[in-house]
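To start, the structure under review is shown below, and the notes come after it.
The values are calculated or read from the model by the stated rules, or taken from the named source; none is laboratory data. The structure presented is a predicted model; accordingly, all values stated were derived computationally and were not measured. Note: ideal-geometry Cβ built from the backbone for every residue, glycine included; neighbour counts use all protein chains shown. Heads up: the accessible areas ignore ligands, DNA and RNA and are worked out on the full protein's heavy atoms, side chains in. Shrake-Rupley method; radii C 1.70, N 1.55, O 1.52, S 1.80 Å.
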Amino acid sequence: GGFHVPHEEACYTAQRRKYGADAFMVTYLRHPRHNVYSQFMEIKYSDFGLKFASNATFPRTDSDTADFVRWIDFYHESWNGKTDENIQISKNFMGTYHPYNLQSRQLSNVCGAGDTNKNQLIKQGGHRYPNNKPQSDGNMQSAITNMRDIAFVGIVELYSLSMCMLWHLLPADTAHMA
């Protein structure tokens, strides 16, 4: 048999509820700039991006660099607090990932706990709209606390080394599953 671990992209709190307090949880984090650029490239070129950003004004007509700058500029107002929350939801949304502090939002206690009357996509785990404010002390602290609760946090940019460390940390009775 092979080594099988349930895996999915979801908020920490949703995973904890699903698998329980004793589950051996693993996550991988990325350098924030790499993560944001990866989101952009996925939206611009993948079937996912073409499907969910098809009715939006997602920039796809210029070079990757120029389109990336337009995409980031689209969200700039909400990042700087220049708009209120209602304007952020209606104006600063392109139908796919919202790049603002995605990894912190996914780890915080309020990820995916948004008001569905404002935007149905909030329920999908905070990927697409930052329904919580991770820069606030309480939410940032919950993200840090939750990250410390995860059994292993790997680094995408150091994937091979992280996998070696993970293998070393796995319980001895799982070694036969490789």
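Some notes on this structure:
- Of the residues making up region 139-162, those that are over 18 Å from the mean Cα position of the chain (by Cα) and within 24 Å of Val36 (Cβ to Cβ) are Leu158, Ser160, Leu161, Ser162.
- Selection status of Phe52, modelled with pLDDT under 80, farther than 27 Å from Phe152 by Cα and more than 15 Å from the chain's Cα centre (by Cα): yes
- From Asp62, Asp84, residue being of a type in the set (Asp, Glu) and at pLDDT 85 or above: Asp62
- Filtered by the rule that a residue be among the β-branched types (Val, Ile, Thr) and either open to solvent by 60 Å² or more (accessible area, probe 1.4 Å) or at pLDDT below 90 (or both), region 14-28 gives a lone residue, Val26.
- Members of region 31-40 found to be farther than 16 Å from Tyr75 by Cα and among the aliphatic types (A, V, I, L, M), listed by number: none
- Meets criteria (open to solvent by 70 Å² or more (accessible area, probe 1.4 Å), under 28 Å from Lys44 (Cα atoms) and either at pLDDT below 70 or not hydrophobic (A, V, I, L, M, F, W, C) (or both)) for Gln135: yes
- Unique residue being open to solvent by less than 40 Å² (accessible area, probe 1.4 Å), at pLDDT 55 or above and aliphatic (A, V, I, L, M) when the list is Met147, Met94, Met140: Met94
- The residues of region 160-171 that are surrounded by 12 or more Cβ atoms within 10 Å (Cβ to Cβ) and hydroxyl-bearing (Ser, Thr, Tyr) amount to a single one, Ser162.
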